[in-house]
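Colleague: Structure provided below as structure tokens; questions to follow.
The values are calculated or read from the model by the stated rules, or taken from the named source; none is laboratory data. These numbers come from a predicted model, not from an experiment. Virtual Cβ from ideal backbone geometry, glycine too; neighbours counted across all protein chains shown. Just the protein is used for accessible areas: all its heavy atoms, side chains included, with ligands, DNA and RNA removed. Shrake-Rupley method; radii C 1.70, N 1.55, O 1.52, S 1.80 Å.
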Amino acid sequence: MSRLSELASIVGHQHVVSGEELYSRPQDFWNSTPTVALGLVKPGNVEEVSAILALCDRHAQPVVIEGGRTNLVHATQATGETVLMSLERMNAILSLDTDDMTAEVEAGVILETLQAAVQQKGLRFGLDLGARGSATIGGVLATNAGGFQALRYGVARDQVLGLECVLANGKVLSHLVPYVKDNTGYDLKQLFIGSEGTLGAITRAMLRLHPSPQSVNTALLAFENFGAVVGALNTMKRALRGELSSFEIMWREFYDFNVGALCPHAPPLPTGHPFYVLCETEGFDSEADEAQFEAVMADLLENGGAADIVLAQSSRQRSDFWRIREEFGPEMDLFKVMVDFDVSLPISKMDTFVQETEALLAREVPENLGLHVIGHLGDGNLHIATGLPTPERKLDVQRLIYGLVRRHGGSISAEHGVGLAKKDFLNHSRTPEEIATMRAIKAALDPRNILNPGKIL
Ligand SMILES: Cc1cc2nc3c(=O)[nH]c(=O)nc-3n(C[C@H](O)[C@H](O)[C@H](O)COP(=O)(O)OP(=O)(O)OC[C@H]3O[C@@H](n4cnc5c(N)ncnc54)[C@H](O)[C@@H]3O)c2cc1C
């Protein structure tokens, strides 16, 4: 029996895709080249996932697990010999418990679907990112995604109470507890969160929820120097009673470009300031929250170094502010061959790092098409993008910028993971001993190296 027939005998013929149908499907969110793989299999439950992996393990058959394929590091890239396993059929929200404030979900649930379902119950899932309409819970956990609200709720890892996973050999590890405290030996779920499909398939999760905020206050601020930005962040952390949920920075070149491309009329704040910040609070007392937010903003304007501030007066205006921060379409056109980075750095070193990056690119790669810097500043996370007219010097740019990240003690991947795109630079952020330990864990859990082989390590 061929491999595809064996897989079909587990899930049914209608749930195996191959040949022309698979080839006509784009590889992932960014890459419209055709999907090349032996076949794509879509299990409908954990027993089928287990049977598929046990079969593949017996035959040393490489498997790439897929969620929404929105990752930014080529983590779901396959070869002609690979079996793709998509969990898209496993998309049930199994329970929403308003007393325990938990959601038990299958891994294929789309992030936005969960956000909406939880909202209807007066609750909030503490994770949000631009790919919310396609990314799955399995994918955001497997990449330990961060996003716009990590400052308040933490990263994907912090949303998980319990997990069900299937090992490479088909064995199911299930520990779907609905409570926070659980010191019963090793915390196995943490191995799978952030492992990018290399250690096991996440099939189900018990997620923690939060009360849904009743008020949202949003402002866009301009600053003349980076010290004033950091001062404002610390003021807001202190003065806003833990309600600060986002503190997103945009360097001038990005803000000026994006408002030019997106705002046909006057931008919310004039262009030309060195730094812009989009900040947001979420609270539970509309009147008091608004009054407090306005008082803090007024104080920042008078005493705290903010050069200009505009408060969102409506949900429409709030969306317009966020669009300036979130929209990348015009940037992708501008940068032709885009070279982008997702790095963590101590906040205190960020401005120096960006100035050094600018100088280095001007000196070593003068043909670069500019430098756009934005980030989740409150989390110490910057996103940097530059462009090249042609692809030949892409690796040079990566070497230069990752070299600088290493010198500043930063992380080469803050929230997007490693995949294929960053694995050659893993040693910039992790020691040889750490990498050897990762290899030992991989060998123990996946001795035949069938799960997403060649990714991360
Ligand atoms: C427009 C846009 C904005 C984004 N913004 C952010 C952001 O703000 N913050 C951020 O952190 N990331 C962001 N991302 C990238 C982010 O990593 C992904 O959006 C998301 O986390 C991946 O989910 P996915 O379901 O698409 O996973 P996929 O891309 O399908 O897979 C990602 C990795 O997880 C593995 N995987 C998937 N499902 C499972 C499973 N069930 N079990 C085991 N392994 C699995 C895959 O093998 C792969 O290695 C953004 C991406 C886009 C396109």
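Colleague: Of the numbered conditions (1) surrounded by 13 or more Cβ atoms within 10 Å (Cβ to Cβ); (2) touching a helix residue (DSSP H, G or I) at 6+ places or on another chain (Cβ under 9 Å), G329 satisfies every one except a single condition; which is it?
Modeller: (1)
Colleague: While we're here: Sort out which residues of the range 19-38 are buried (at least 18 other Cβ atoms within 10 Å of the Cβ) and among the hydroxyl-bearing types (S, T, Y), and write them in order of number.
Modeller: At the first step, the residues of the range 19-38 found to be buried (at least 18 other Cβ atoms within 10 Å of the Cβ) are 22, 28, 35, 37-38.
Answer for the range 19-38, where residues must be buried (at least 18 other Cβ atoms within 10 Å of the Cβ) and among the hydroxyl-bearing types (S, T, Y): just T35.
Colleague: A further question follows. Taking the criterion of being closer than 18 Å to R152 by Cα and not assigned by TED's automatic domain parsing to the domain that holds K349, would at least one residue in the range 258-269 satisfy it? Break it down stepwise before answering.
Modeller: If we filter the range 258-269 for residues that are closer than 18 Å to R152 by Cα, which is where we start, we get none.
No, that holds for no residue.
Colleague: Is it the case, given these coordinates, that D320 is at pLDDT below 95 and within 16 Å of S246 (Cβ to Cβ)?
Modeller: Values: at pLDDT below 95: yes; within 16 Å of S246 (Cβ to Cβ): yes.
Judged against the criteria, D320 is a match.
Colleague: Within the group L420, L345, which residue is in contact with a Leu (Cβ under 8 Å, 6 or more places away or on another chain) and either within 16 Å of the ligand (Cβ to nearest atom) or outside the structural domain of F226 (by TED's automatic domain parsing) (or both)? Show your work before the answer.
Modeller: On the way: L420 fails: in contact with a Leu (Cβ under 8 Å, 6 or more places away or on another chain).
L345 is the lone residue from the list that is in contact with a Leu (Cβ under 8 Å, 6 or more places away or on another chain) and either within 16 Å of the ligand (Cβ to nearest atom) or outside the structural domain of F226 (by TED's automatic domain parsing) (or both).
Colleague: Within the range 170-194, how many residues turn out to be within 12 Å of the ligand (Cβ to nearest atom) and open to solvent by less than 10 Å² (accessible area, probe 1.4 Å)?
Modeller: Number satisfying all stated conditions: 2.
Colleague: Wholly within the range 80-126, which strands (runs of 3 or more DSSP E) include no fewer than the required count, namely at least 3 residues that are without any contact (Cβ under 8 Å) to a residue 24 or more places away in the chain and surrounded by fewer than 17 Cβ atoms within 10 Å (Cβ to Cβ)?
Modeller: Working: elements: 83-86, 93-97, 102-106.
Filter on the range 80-126 gives an empty set.
Colleague: Here's another thing I want to ask about it. Could you say whether any residue in the range 390-412 is within 16 Å of the ligand (Cβ to nearest atom) and in a strand (DSSP E or B)?
Modeller: Here is the first cut: in the range 390-412, the ones within 16 Å of the ligand (Cβ to nearest atom) are 411-412.
Those left that are additionally in a strand (DSSP E or B): 411.
So far as the range 390-412 goes, yes, one or more of its residues are within 16 Å of the ligand (Cβ to nearest atom) and in a strand (DSSP E or B).
Colleague: Okay, moving on. Can you name the helices (runs of 4 or more DSSP H) wholly within the range 1-74 that have at least 1 residues being of a type in the set (G, A, S) and closer than 24 Å to L129 by Cα?
Modeller: Details: elements: 3-11, 19-23, 46-58.
Per the criteria, no element qualifies.
Quick grid of which residues meet (1) within 16 Å of the ligand (Cβ to nearest atom); (2) part of a helix (DSSP H, G or I); (3) among the aliphatic types (A, V, I, L, M):
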| position | (1), (2), (3) |
| --- | --- |
| M338 | yes, no, yes |
| Q355 | no, yes, no |
| L369 | no, no, yes |
| H372 | yes, no, no |
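Colleague: On the given criteria, is T390 closer than 16 Å to F226 by Cβ and surrounded by fewer than 19 Cβ atoms within 10 Å (Cβ to Cβ)?
Modeller: Numbers: closer than 16 Å to F226 by Cβ: no; surrounded by fewer than 19 Cβ atoms within 10 Å (Cβ to Cβ): yes.
No; evaluated as a whole, the condition is false for this residue.
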